[in-house]
Amino acid sequence: MSIDHIKEKIFSNERLTREDGLELFRSNDLLALGRMASHAAQRKNGNKVFFVQNMHINPTNLCVNRCTFCAFSRSRGEDGAYEMTIDDILDRARKAGQSVREFHIVSGLHPDLPFAWYVDMLRALKAEFPRIHLKAFTAVEIDYLAKLSGLSLTDTLVTLREAGLGSLPGGGAEIFDAPTRNTLCAEKISGDRWLEVMETAHTIGLKSNATMLYGHIETYEHRIDHLLRLRDLQDRTGGFQAFIPLSFHSQHTEIKKSAYTTGFDDLKTLAISRLILDNFDHLKAYWIMLGEKIAQVSLTFGVDDLDGTVVEERITRAAGGATDGSMTREEIVHLITQAGRTPVERDTVYNEVKAW
Ligand code: V47
């Protein structure tokens, strides 16, 4: 089926519908998709491709939930379970070089630490690293912390912000469709609640990202509906910075899949996300999950952001991620310039730090 009529919409800057999105998923004209998505991306960011020098810190894998797609979580006493003290976290943070600008901090839902521990952790990091942005706690963790604190969502977020929280990462969105979400992660907050947490964060001026986990048991309809719900919220708040599709890794999870997502599906999903999410400024290829080569090729499929240097991420690694978990700034710049694009080092909120 031809997608020419959708091409016309893109070139005249017209919003795509649910049906358009589905048609794009059913099409195999990958190069046409790439041209459309590149056009949409260039309109927003020109030739620039952003990245940040960051470090991931995952303070614990103890988690009260058991999501079937997750290979990271453990119960206390289980093989591989770990938890870091605030001193351990500070030690790890000290390994970040002078040029790291962001700590990306996410964990499991720890069974018994009090709310004050999280506030103390942020304060301790901020006291020692005042110039490093703390992008911490997915919407799932924020909901959990609100329950622990007994405060409203707004007051929980305000307290965390006062302690040093700078913005929220986009994890935990998985797929919003309720029956699918129930099969994947019955104990996790609903899609509605995830969106409510983000709306509350945006309302008090905290920026966030958004993700979608794809390539497990969901359908194309679920993917498009997920994107449309994000687009609706963004119309109201404008608080999302980047969208990051996360390709499912099945190793050591309860979801049996013989293969990972394909390169074709990864590129299609990125390009279609760029086209549907016309009100998101940035589309990020998370190279840790996609591999460096597909992440680089995705720069001609609507992507304008390669995340960052990362350093020792554990969630993808636990599920069979193939990269070694860290790239230097020079390696990222090389990937971008080899694709004919302009590398721009940024901070978490997209202030430009250095352009090549
Ligand atoms: O919340 C868990 C997902 C997320 C698996 O905001 C899995 O800048 C694939 O959210 N296979 C964590 N995915 C990663 C994340 C993220 C990454 C990079 C940048 C940003 C950002 C956010 O990874 C989890 C969950 O949705 N996940 N298990 C798995 N087996």
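Just give me the residues in the range 124-146 being in contact with a helix residue (DSSP H, G or I) (Cβ under 9 Å, 6 or more places away or on another chain), assigned to a helix (DSSP H, G or I) and either closer than 13 Å to Ile105 by Cβ or away from the ligand (no atom under 15 Å from the Cβ) (or both), in sequence order. Even if it seems obvious, please write down each step before you answer.
First, the residues of the range 124-146 that are in contact with a helix residue (DSSP H, G or I) (Cβ under 9 Å, 6 or more places away or on another chain): 124-126, 128-129, 132, 134, 136-143, 145-146.
In the following step, the residues that additionally are assigned to a helix (DSSP H, G or I) were identified as 124-126, 128, 139-143, 145-146.
If the condition is that a residue be in contact with a helix residue (DSSP H, G or I) (Cβ under 9 Å, 6 or more places away or on another chain), assigned to a helix (DSSP H, G or I) and either closer than 13 Å to Ile105 by Cβ or away from the ligand (no atom under 15 Å from the Cβ) (or both), then Ala124, Leu125, Lys126, Glu128, Glu141, Ile142, Leu145, Ala146 are the ones that fit.
Between Phe103, Phe176, Phe69, the distinction of being touching a Gly at 6+ places or on another chain (Cβ under 6 Å), within 13 Å of the ligand (Cβ to nearest atom) and open to solvent by less than 40 Å² (accessible area, probe 1.4 Å) belongs to Phe176 only.
Residues in the range 150-173 that are open to solvent by less than 30 Å² (accessible area, probe 1.4 Å) and among the hydroxyl-bearing types (Ser, Thr, Tyr): Thr156, Ser167.
Could you list, in sequence order, the residues of the range 48-101 that are free of Cβ contacts under 8 Å to residues at least 40 places away in the same chain and closer than 19 Å to Ile288 by Cα? Lay out the reasoning, then the answer.
We begin by selecting, within the range 48-101, every residue free of Cβ contacts under 8 Å to residues at least 40 places away in the same chain; these are 73-94, 98.
If the condition is that a residue be free of Cβ contacts under 8 Å to residues at least 40 places away in the same chain and closer than 19 Å to Ile288 by Cα, then Ser73 is the only one that fits.
Screening Lys256 against (1) near the ligand (Cβ under 10 Å from one of its atoms); (2) free of Cβ contacts under 8 Å to residues at least 12 places away in the same chain leaves a single unmet condition, (1). Does the range 196-210 hold any residues that are without any contact (Cβ under 8 Å) to a residue 40 or more places away in the chain and buried (at least 19 other Cβ atoms within 10 Å of the Cβ), and which are they? Within the range 196-210, His202 is the sole residue that qualifies.
Taking the residues in the range 314-343 that are β-branched (Val, Ile, Thr) and outside any helix (DSSP H, G or I) as candidates, determine which candidate is farthest from the chain's Cα centre (by Cα). Among residues in the range 314-343 that are β-branched (Val, Ile, Thr) and outside any helix (DSSP H, G or I), the one farthest from the chain's Cα centre (by Cα) is Thr342.
The values are calculated or read from the model by the stated rules, or taken from the named source; none is laboratory data. Since we're looking at a predicted model, the values are computed, not measured. Ideal geometry is used to build each Cβ from the backbone, glycine not excepted, and the neighbour counts take in all protein chains shown. All accessible areas refer to the heavy atoms of the entire protein, side chains included, with ligands and DNA or RNA removed. Shrake-Rupley method; radii C 1.70, N 1.55, O 1.52, S 1.80 Å.
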